[in-house]
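Take a look at the structure below.
The values are calculated or read from the model by the stated rules, or taken from the named source; none is laboratory data. Computed from a prediction, not measured in an experiment: that's the story for all the values here. Here the Cβ positions follow ideal geometry from the backbone for every residue, glycine too, while neighbour counts run over all protein chains shown. Accessible surface areas use protein heavy atoms only, side chains included; no ligands, DNA or RNA. Shrake-Rupley method; radii C 1.70, N 1.55, O 1.52, S 1.80 Å.
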Amino acid sequence: MNLYPLGKFLCSVIFKPLYRVKVIGKEHFPKEGGVLLCTNHIDNFDPPVVGIACPRDVHFMAKEELFAVPVLKTVLPKVKAFPVKRGMSDREAFRKALKILKSGEVVGLFPEGTRSTTGDLGPGLAGAGFFALKGDAVVMPCAIIGPYKLFKPLKVVYGKPIDIAPYRERRASSEEVTEVIMTEIQKLIEQNK
């Protein structure tokens, strides 16, 4: 059973008025084909906020521990989330993400791997570059600009797709491509504060 449409509706009803969610750059988002959506991570509410701001359904990687929580382990797969082991190379999660991208859907990930404690953009993990290089998908940078304060504006900003083709052609490293992605996210943050 797919609960994504219901979840998106309920989250919209809750988050849009409470946090005055404003979406910028939605016109840049591809209408079809695989998309790797890379976003900074400032709050636990980031996945539902990005989900309601995105014009397409998003499959999020979520830390494996969440799938051990009784209610969440039932709900998360029904809202297109899948588990990833943090702090190590999780081949099963990598295969699942690549399969989703190659089937023309959207995978959302937070390249920092965890929430920023300061609100500043942290360093990205090589996994983002790996998916960008191997996923045969459009790479979309996205910035959440907060903080999350009740009735204060919160922005979700989409940049233009990042052209990964030159990096694939010259066999760039995952680390280098991750750095390119993080630079684009940082630019969005600075331009839209």
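Could you identify which residue out of GLU32, GLU112, GLU179 has the top mean-square fluctuation in a GNM of the chain using Cα springs shorter than 10 Å?
GLU32
What figure in square angstrom, to the nearest 10, would you give for the accessible area of ARG56 with a 1.4 Å probe?
That residue has around 40 Å² of solvent-accessible surface.
Using helices alone, I'd like the mean residue ellipticity at 222 nm for the chain: each DSSP H run of four-plus residues gives -39500 (n - 2.57), total over residue count, nearest 500.
Estimated from H runs of four or more residues: -11500 deg cm²/dmol.
Heavy atoms only, probe 1.4 angstrom, no DNA, RNA or ligands counted: give me SER12, SER89 ranked by accessible area, highest first.
Of SER12, SER89, the descending order of accessible area is SER89, SER12.
Lys/Arg Cβ at +1, Asp/Glu Cβ at -1, dipole of segment 149-193 taken about the Cα centre: which of PRO166, ILE181, ASN192 is farthest positive-ward?
Working it through, the farthest residue towards the positive pole turns out to be ASN192.
Summing Lys, Arg as +1 and Asp, Glu as -1, what charge do residues with Cβ under 13 Å from the Cβ of TYR19 carry, TYR19 excluded?
Value of the local net charge: +4.
How large a share of the accessible area of the chain, in percent, is made up of carbon and sulfur atoms when the probe is 1.4 Å and the other protein chains stay in place? Mind dumping the intermediate values first?
Details: 5900 of 10450 Å².
Roughly 56 percent of what the probe reaches on the chain is carbon or sulfur.
Which of (1) 13.8; (2) 10.4; (3) 12.4 is the computed mean projected area of the Cα convex hull in nm² for the structure on display?
(2)
Search the structure for amide H atoms under 5 Å from the amide H of GLY25, placed 1.01 Å from N in the peptide plane, and list their residues when 5 or more places away or on another chain.
Under 5 Å from the amide H of GLY25 lie the amide H atoms of TYR158, each far enough along the sequence or on another chain.
Going by accessible area, probe 1.4 Å, with all protein chains left in place, what is the ranking of ASP57, ASP46, largest first?
ASP57, ASP46
Name the aspartates and glutamates eligible as straight-distance cross-link partners of LYS149: C-alpha to C-alpha under 12 Å, and not fewer than 8 places from it in the same chain.
Counting by Cα, and skipping residues close in sequence, LYS149 has these aspartates and glutamates nearby: ASP43.
To make sure I understand the rule: partners must be aspartates and glutamates, Cα under 15 Å from the Cα of LYS78, and not fewer than 8 residues away in the same chain. Which ones qualify?
Straight-line reach from LYS78, under 15 Å: ASP57.
With springs connecting C-alpha atoms under 10 Å apart, model the chain as a Gaussian network and identify which of VAL50, VAL107, VAL13 has the largest mean-square fluctuation.
Its mean-square fluctuation being the largest, the pick is VAL13.
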